[in-house]
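What follows is one structure encoded as structure tokens, with my remarks underneath.
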Amino acid sequence: MTTPGTERSEAAPAVAVLPSAETVDTDLPRAAAATWRSLRRNPLAVLSMAVTLLLILVAVFAPLIADFPAAYGTQVLSPPSGSHWFGTDSLGRDVFAEVVWGSRQSIVVAIAASAIAITVGTMLAVIGSYFRRLDTVLGVIVDLTLALPVLPLMILIAALAGPSTLTIITVIAAFSWPEVTRVVRSQAISVVRLSFVDAARLMTSSPAWIISRHVVPAVLPVVVVSVVLTASRAVLSAAGLAFLGLGDPNVWSWGRILYEAQQAGAMSSAWWLTLFPSLAILLLVLAATLLSISYNDARNPRLRGPRAGRRRPRKASR
Amino acid sequence: MSLFTFVLRKIGRALLTIFFAVTVTFLLLRLLPGDPAQAVANPNMTAEMRATLLTQYGLDQSLLTQYGKYLWQLLHGNLGVSFAQGVPVTTVLMERLPWTLLLTGSALILTALIGIPLGVLAASRRGGWLDRAVQILGVIGQSLFVPSVGILLLYVFGLKLGWFSIGGAYADGTYGAQWYLSVLSHLVLPCLSLVLIQLGPYLLMMRSSMIDALGEDYCTLARANGLPYRRVLWRHALRNALLPTITLIGLQLGFLVGGAVLTETVYAYPGIGRGIYEAVTQLDFPVLQGAFVLLAATVVVANMITDLAYGLLDPRVKNR
């Protein structure tokens, strides 16, 4: 004879066909489809998706677009022209190539750091919301971390650990998860109190099952918004660290272009050195921010228009 | 809960946060890869000098003893000695702290002076052109890269138009009223950069909490009683809508300090932020560590003050 607990968790897969699980499963794609429809109709959302996609493509195909800016040129600090679209820097390197190759670093750091921060932050948030005792400890740590000035702390660690892409990703991830936990936790706590979670508790004694099948899907929309916002903040943090001279010295990044312009004292004379990387940062971060805002609007049935609610999918497809 | 216990609790919380920051710094210095002596000492030293330094800094003792000594030193305001300048870190930082406080303080006040009225006006005419402008500004404001804004203002208003002085915090060889004028002239652009980067969240928060307040029954009642709309807006709604904005100040302080580090670097403004940049270039770890501890303590104390102000303004908070 198995104990009731293990018996229930073994029976758990069958739970998926029971009503409570079923509504979650079939409702999710429908809600997602409605969100996607609404998102597609928003020109701002389409534009920001296009810009994000374009920058990612530039990052992926950087070698096809421009040569790696390593060779010193003879034309030093020349303004933008036909041969050098974004001008050249104080060592004669092509700024266009630097910006194109710099997009790789920004996007890699943004994706890696936000992936780590989101995974850790979401996990701690949902586990904390389920086990209330853990939540108290977690809440204190999150509050304490959020109360500190993060950039000086990141600078201290990056300087101690030595500048490298790995350091930057780790440092940014290490100080981004508390914000994710704070946002996801507030949602997860209200979800855990809902009756379908109580129903799930009757069917299985495995908290891992309840958390992964019932709590996580319910907080997923908040997590999606968090991913985009965390990624865009990571771009800003990475650029800030690179601007202070803590970027990976072997890799081009947008922050490094600004740092080298400052080091060479060329900031005052060569506007193109600072303008183009700045524009690149602004484009990426603005597109990501707009995307998260329009996603937030699109998934809210009340904001989709009076007749586009989730309960009336027919009318939504008008 | 009485006011006394409320204040005590806030002070206790602030002390706990500072203690947390200090402990994190201590652990970081010891746990990060590499010999702690390497982190604390110049890499160009002989083994013998390092051994002396190890004993001098007490790095040959147990972690707990080291931690106790570290806390004891901190309590006496001792943050170690700067490698690059050979003077106590406290001296280096205390020279710089007033400039950072001047910069961030003036930026905070200016942000409130611009952000609060704009948010109120945007909420008062929802959907109007000002409301749209405020929303757009709020979104763009969240996406700005601090050095980019700083460089842009520096280039346009400092170099091309020459309206304001740049580089440093004052002109050498000026005295009296002239000195104050030069301080002001050097302050304008860095301060404006900080205002621009942190205005967005204040605008959005002020707007949305005003919209909430205007929808409350007491505002409807005030208007039904025949009070002029302007009075309802600025007297009744604003008072309540200000509370979430005060909370926002506390949440944004850490971000403001980060922005100050980058802005001071762009403008060569002699505050702690520029000090951090110079310490990074010289790998001056005691200064970096001390700067973080000092900035953290400043932020925590400022945060405590906003918390206390909140408690005084909203009696409900004390009773929770």
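The values are calculated or read from the model by the stated rules, or taken from the named source; none is laboratory data. Quick caveat, the model's predicted, so the values are computed rather than measured. All Cβ positions, even for glycine, are placed from backbone atoms using ideal geometry, and neighbour counts span all protein chains on display. For accessibility, only protein heavy atoms count, side chains too; no ligands or nucleic acids. Shrake-Rupley method; radii C 1.70, N 1.55, O 1.52, S 1.80 Å.
Filtered by the rule that a residue be in contact (Cβ under 8 Å) with a residue 24 or more places away in the chain and surrounded by 17 or more Cβ atoms within 10 Å (Cβ to Cβ), region B:113-134 gives B:Gly115, B:Ile116, B:Leu118, B:Gly119, B:Val120, B:Ala122, B:Ala123, B:Ser124, B:Asp131, B:Val134. Condition check: open to solvent by less than 20 Å² (accessible area, probe 1.4 Å) and touching a residue at least 12 places away in the same chain (Cβ under 8 Å). Does B:Ala241 satisfy that? Considered against the rule, which asks whether it is open to solvent by less than 20 Å² (accessible area, probe 1.4 Å) and touching a residue at least 12 places away in the same chain (Cβ under 8 Å), B:Ala241 comes out as yes. The helices (runs of 4 or more DSSP H) falling completely within region B:248-320 that include 1 or more residues that are more than 8 Å from every other protein chain (Cβ to nearest Cβ), surrounded by 24 or more Cβ atoms within 10 Å (Cβ to Cβ) and not acidic (Asp, Glu) map to B:272-282, B:285-313. Annotation: of all residues in region B:232-247 being more than 14 Å from chain A (Cβ to nearest Cβ) and of a type in the set (Val, Ile, Thr), the one that is farthest from B:Glu216 (Cα to Cα) is B:Ile246. Scanning region B:1-23 for residues that are in a helix (DSSP H, G or I) and among the small types (Gly, Ala, Ser) turns up B:Gly12, B:Ala14, B:Ala21. Just one of (1) open to solvent by less than 10 Å² (accessible area, probe 1.4 Å); (2) more than 29 Å from B:Leu256 (Cα to Cα); (3) at pLDDT below 85 fails for A:Leu273. It is (2).
In this structure, A:Gly245 does satisfy being among the small types (Gly, Ala, Ser), within 11 Å of chain B (Cβ to nearest Cβ), out of contact with any Asp or Glu (no Cβ under 9 Å at 6 or more places or on another chain) and surrounded by fewer than 24 Cβ atoms within 10 Å (Cβ to Cβ). Residues that are within 13 Å of chain B (Cβ to nearest Cβ) and open to solvent by less than 20 Å² (accessible area, probe 1.4 Å): does region A:128-141 have at least one? Checking region A:128-141: at least one residue is within 13 Å of chain B (Cβ to nearest Cβ) and open to solvent by less than 20 Å² (accessible area, probe 1.4 Å).
Per this entry, A:Pro79 is not counted among residues that are touching a Lys or Arg at 6+ places or on another chain (Cβ under 6 Å) and in contact (Cβ under 8 Å) with a residue 24 or more places away in the chain.
Looking only at region B:75-95, residues that are within 19 Å of B:Thr25 (Cβ to Cβ) and either free of Cβ contacts under 8 Å to residues at least 40 places away in the same chain or open to solvent by less than 40 Å² (accessible area, probe 1.4 Å) (or both) come to 13 in all.
Check region B:173-180 and report whether any residue there is among the small types (Gly, Ala, Ser) and part of a loop (DSSP other than H, G, I, E, B). Yes - at least one qualifying residue is present in region B:173-180.
For region B:140-174, give me each residue that is in contact with a Leu (Cβ under 7 Å, 6 or more places away or on another chain) and β-branched (Val, Ile, Thr). If the condition is that a residue be in contact with a Leu (Cβ under 7 Å, 6 or more places away or on another chain) and β-branched (Val, Ile, Thr), then B:Ile140, B:Val146, B:Val149, B:Ile166 are the ones that fit.
Which helices (runs of 4 or more DSSP H) sit wholly inside region A:148-240 and have at least 2 residues that are open to solvent by less than 30 Å² (accessible area, probe 1.4 Å) and free of Cβ contacts under 8 Å to residues at least 40 places away in the same chain?
Those helices (runs of 4 or more DSSP H) span A:150-161.
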